[in-house]
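Step one of this worksheet: look at the structure below.
The values are calculated or read from the model by the stated rules, or taken from the named source; none is laboratory data. Note that the structure is predicted; figures quoted are calculated from it, not measured. Backbone-built Cβ (ideal geometry, glycine too); neighbour counts: all protein chains shown. Quick note on the areas: whole protein, heavy atoms, side chains included, nothing else; ligands and nucleic acids left out. Shrake-Rupley method; radii C 1.70, N 1.55, O 1.52, S 1.80 Å.
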Amino acid sequence: MSDNMEEGNTSAPFRTNAYTSSPDIEEDYGPIEAYVKDDYDDDVSVEEIDDENVNILPSSAEVARKARSKLKLYSIIGSMCILVTVVAVMVPVGLTVLKTETKYTQPPTQAPSVQPSQAPTDLFFTDYVDAFAGVSDRTLINTPGTAQYRASRWIYNFDPVRRDISDSRLLQRYIAAVFYYSTSQGYGWLDCYPGDVACTSDSKEAWFSSHDECNWFGFTECDRDGHVTRFVILNNQNGEGKSYFGNNLHGTLPPEFGYLTTLTDLTIVMNKNLASTIPLSFSKLTSLRRLRLFSNSLEGPWNKGILQNMTDLMDLVLHGNNFNITLPYEIGDVKSLRSLSLAGNKFHGDIPKVYGELHRLGKENKPIAVGKLL
């Protein structure tokens, strides 16, 4: 190396951190690290450097070149990740927008509407109102707080069965809902009311449950088409065994019940808070064989014509109510009667002669003598 410096060559092919403190002492400091110049001298080769047990370090230019290569590689990978992420997000969004436009876009009308249209839900609800108006007063259906309004809203918004408007039994479920709201004023029912998890009466289900209404308490029997034929509220178990005290029906008999025209037996008894007349619509119950409404608080006036179409009626039991009227003449026209009970009321006036023609009354109900009531 001294020879090279004397000849004017001021740069060595490598520099070392190994040195000898004394010529008499030989120490092994391991391999020599060297920084290789960008251009080697002609008289010094890499092989010679390797022979000297020297670790060759990359030059600054080589380090810069490798750094640029890594940066380029990382940029390409990052760009690809961003592109994949954008595609993964935008494709589902695009499909959703396309589906929404396809589903809801309607062709433009020829002219603007004169008035804003109603919300679709309100328009659809009017179809239900039209259907229910066949058995209920339309004004009552649209008046908040009425039994008809509450029943229609329950059917439309909350009924878990979601019966279609074209279903022939939709009206039956609506009428049942009206009956509940009409007779659950005050303290409400004792047993099988909506949400009653302990409903046990007659092995039936609570009202407004997800079951078919033919499985609700009171719906004793339905025909094969699912139309009620026997409706009986005679007692309740209330989790403690049967008790013959009705079910605390509180309110009035709704006229809608007269549209359950498949009924052959209608029995609602022992509900002292059931204060009502017998609706004229009951005249539509032409298949009725038993009408038992005793021990309630029914009262007049008597709607003329209630019984005129009940040509098969066998049992008429109205004792223990609050009738304070003259004996209805038309009872004597029901020649099919075999059982008649009117005691415990305040009937007054003459006993119509036609009552004496009820020849089918049983031994316990001999034809009534003509005369006056005390």
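When peptides 347-354, 323-330 are ranked by their average number of other Cβ atoms within 10 Å per residue, the highest-first order is 323-330, 347-354.
Available extension along the chain between LEU71 and SER210 is 43.5 nm, counting 0.36 nm per residue and deducting the alpha carbon span.
Can you list the equivalent-ellipsoid semi-axes of the range 295-346, largest first and in whole Å, using the square root of 5 times each Cα gyration tensor eigenvalue?
One finds semi-axes of 19, 13, 9 Å for the range 295-346.
Of the trypsin sites (Lys or Arg not before Pro) in the range 148-226, which ones lie in a loop per DSSP and count no more than 13 other C-beta atoms within 10 Å?
When the trypsin sites (Lys or Arg not before Pro) of the range 148-226 are filtered for loop state and at most 13 Cβ neighbours within 10 Å, ARG162, ARG224 remain.
Per-residue accessible area (protein heavy atoms, 1.4 Å probe) orders VAL161, VAL63 as VAL63, VAL161, starting from the largest. By accessible area, using a 1.4 Å probe on protein heavy atoms only, the range 249-303 has 50% of its surface on carbon and sulfur.
Quick one: divide the alpha-carbon radius of gyration of the range 144-231 by 2.2 N^0.38 Å and tell me what you get.
1.04
Under the simplified labelling scheme, the ASN142-SER336 pair shows an inter-label distance of 3.9 nm, with each label point 7 Å from Cα along Cα→Cβ. Taking 0.36 nm per residue of separation and subtracting the Cα-Cα distance, full extension of the segment from ASP130 to THR326 would add 66.6 nm. Taken along the Cα-to-beta-carbon direction at a fixed 7 Å, the label points for SER203 and VAL84 span 6.3 nm.
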